[in-house]
Amino acid sequence: MSRYVFALDQGTTSSRAILFDHTGAPVQVAQREFPQIFPQPGWVEHDPEAIWRSQLEVARGAMVGVDPAEVAAIGIANQRETTVLWDRRTGEPIGNAIVWQDRRTADLCERLRSEGHEPSFRAKTGLLLDPYFSGTKLRWMLDAAPDVRERAQRGDLAFGTVDAYLLWRLTGGRVHATDVTNASRTLLFDIHRFEWDEELLSILGIPRAVLPEVRSCSEVFGETDPSLFGRPIPIAGIAGDQQAATFGQGCLRPGMVKNTYGTGCFLLANTGPTPVASPNRLLTTPAWRIGGATTYALEGSVFVAGAAIQWLRDELGLIASASEAEALAASVPDTGGVFVVPAFAGLGAPYWDPYARGTIVGLTRGTTKAHLVRATLESLAYQTLDVLEAMRLDSGAPIRELRVDGGASQNDLLMQVQADLAGVPVVRPTVTESTAFGAAALAGLAVGFWASAEEAVGGPRAERTFEPSMSADERECRLAEWRRAVDRSHGWTQT
Ligand code: ADP
């Protein structure tokens, strides 16, 4: 009888492995950071071999003392969009992986936009033309050296996002496949018809021969090579990290929203079985596909969230640790009229303004460091609110509560401010490993470890609920002031 499901959570800065029991409790955890490579400004790379080695090492670490026969299945959640190209015969990567944060294809995106291609990409993939997504990164790799394209056309090379690369390595090179959530981040995949799109492939000049097979999120993809863990274990779940977290948070019904407060904020709202187009510049994306049924989501990202707290600590020296922000912010009743807009890297959804820069407004002679810290902390809540408002407008459905996870969700003051500003309860679960748990749940479902999604992730798991206590008038007033502050940050580097 299997006792565990195993999640491999391959993130941007570290690889993690977590063994979960049938109650969804994490039993053993291992984590390891791996090197970030910055060859030039705006470029971010990972060594695929380092990703694999760190992931295998933590997987073995989290399995210490466990009989592999007790592990029902493995689920993979991964940093999304990061692009890997490798030789099918030798397994040798064609250069480093190009990481989602990498901006090297900004000019290509600009060109495609000026040629009028964006509406087609938007309609078919639910995305915008932005260097963030894999398609232009893959195009760049194919053009980087003389013989690469030719080898790709001959079928000698394989492309994958990190999930596909890990799956290929885990199965000893036997399976080249991905899931719909990862495929949907490539700019090449039609999220309505569930297939690679010929027109988009030809616009980007991508040979079909490099592409992985696309499968659902919860099915047996293959088995691990017996040499890895002593005996084969089925790999039965795959989803991009944010989609996995949405599933792990139990956002199973339309209108349910999760927000991960990490370096940035990532919000996904379940919109049910039909994809909802977004006039407010959110992304339309599959949340998961299980047994032939797809659930879609609207997604919005905030580029700088927890990173603004790191800025208070590392660049301004106003706090010694991220956790100190809460006490300092709580030492004043409000921000004294100060707003911090941390548009350090431009603004993401719903503004998408690469030319915006950080702005502080409302300073007076009486402004203290506590006000600044509080205003920075509150900026996480305001930016989240902007995305929530766009979700409300796009989906036309009320949002009843916000489920939260990620490092900064441990900040009680921030969570209370968030509940007040959003006007809905903010629910923080006991197990905040939503991403890994989501991957484990998708895998466990496929092999019958859990009988239904409801059984796997639908149970009550709230550690604390923050109830809104601000009047609607005050909320409106504060939001209007925030919007005025955001206006002042727009277009700064363009003028
Ligand atoms: P990531 O997965 O993006 O690395 P995590 O989920 O580990 O992020 O969260 C780390 C982020 O959360 C950091 O940017 C940090 O500044 C922020 N953070 C951690 N604890 C707190 C806290 N108590 N209050 C505010 N921000 C915090």
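Its residues counted as N, segment 4-242 yields a C-alpha radius of gyration over 2.2 N^0.38 Å of 1.00.
For segment 4-242, what relative contact order do you get, as a whole percent, if you take Cα pairs closer than 8 Å and at least 6 residues apart? Over segment 4-242, the number comes to 20 percent.
Nearest 5 percent is fine: what portion of the DSSP beta bridges confined to the chain is antiparallel? Of the beta bridges lying entirely in the chain, close to 75 percent run antiparallel.
Dipole orientation for segment 4-242: of the candidates SER114, ASN182, PHE229, SER114 has the Cα lying most toward the positive pole (charges on Cβ; Lys, Arg +1; Asp, Glu -1).
The Rg/Rh ratio for the chain, using Cα coordinates for both the radius of gyration and the Kirkwood hydrodynamic radius, is 0.96. Since only LEU283, GLY91, THR13 are under comparison, the one whose Cα sits farthest along the positive direction of the charge dipole of the chain, derived from C-beta charges on Lys, Arg, Asp and Glu, is LEU283. As a check on your grasp of the helix formula, calculate [θ] at 222 nm for the chain: sum -39500 (n - 2.57) over DSSP H runs of n ≥ 4, divide by the residue count, round to the nearest 500. That comes out to -10000 deg cm²/dmol. Counting only protein heavy atoms and a 1.4 Å probe, the chain has 38 square angstrom of accessible area per residue. Across segment 148-157, computed HN-Hα scalar couplings (Karplus, 6.51 cos²θ - 1.76 cosθ + 1.60, θ = phi - 60°) run 5, 4, 4, 5, 5, 5, 6, x, 7, 10 Hz from first to last residue, x flagging Gly and Pro.
Near the amide H of GLU401, within less than 5 Å, lie the amide hydrogens of VAL257, all on another chain or at least 5 residues away, with H placed in the peptide plane. Couplings for segment 180-196, taken from phi via the Karplus curve 6.51 cos²θ - 1.76 cosθ + 1.60 with θ = phi - 60°, read 4, 5, 6, 4, 6, 9, 9, 6, 10, 10, 7, 7, 9, 9, 6, 8, 4 Hz in order; Gly and Pro are left as x.
Looking at segment 4-242, the DSSP beta bridges with both ends there are about 65 percent antiparallel.
If only the Cβ of Lys and Arg carry +1 and only the Cβ of Asp and Glu carry -1, the dipole of the chain around its Cα centre is close to 180 debye.
TRP352 sits with roughly 40 Å² accessible to a 1.4 Å probe, with DNA, RNA and ligands left out of the calculation.
With every protein chain present, what accessible area does LYS258 have (1.4 Å probe, heavy atoms only), rounded to the nearest 10 Å²? Roll a 1.4 Å probe over it and LYS258 shows about 0 Å².
In a shell of Cβ-Cβ distance under 12 Å around TRP196, excluding TRP196 itself, what net charge do Lys and Arg (+1) and Asp and Glu (-1) give? Result for the local shell: -3. What whole number of Å gives the distance from the Cα centroid of segment 162-177 to the Cα centroid of segment 221-266? After rounding, the separation between the Cα centres reads 16 Å. Within the accessible surface of segment 369-464, defined with a 1.4 Å probe on protein heavy atoms only, the carbon and sulfur portion equals 51 percent. Rolling a 1.4 angstrom probe over segment 205-307 with all protein chains present gives an accessible area of which 54% lies on carbon and sulfur atoms. Per residue, the average separation of C-alpha pairs within less than 8 Å and at least 6 apart gives the chain a relative contact order of 15 percent.
The values are calculated or read from the model by the stated rules, or taken from the named source; none is laboratory data. For clarity, every value in this text was computed on a predicted model and none was experimentally measured. With ideal geometry, Cβ positions are generated from the backbone for all residues, glycine too; neighbour counts draw on all protein chains shown. We work out accessible area using only protein heavy atoms, side chains counted, and drop any ligands, DNA or RNA first. Shrake-Rupley method; radii C 1.70, N 1.55, O 1.52, S 1.80 Å.
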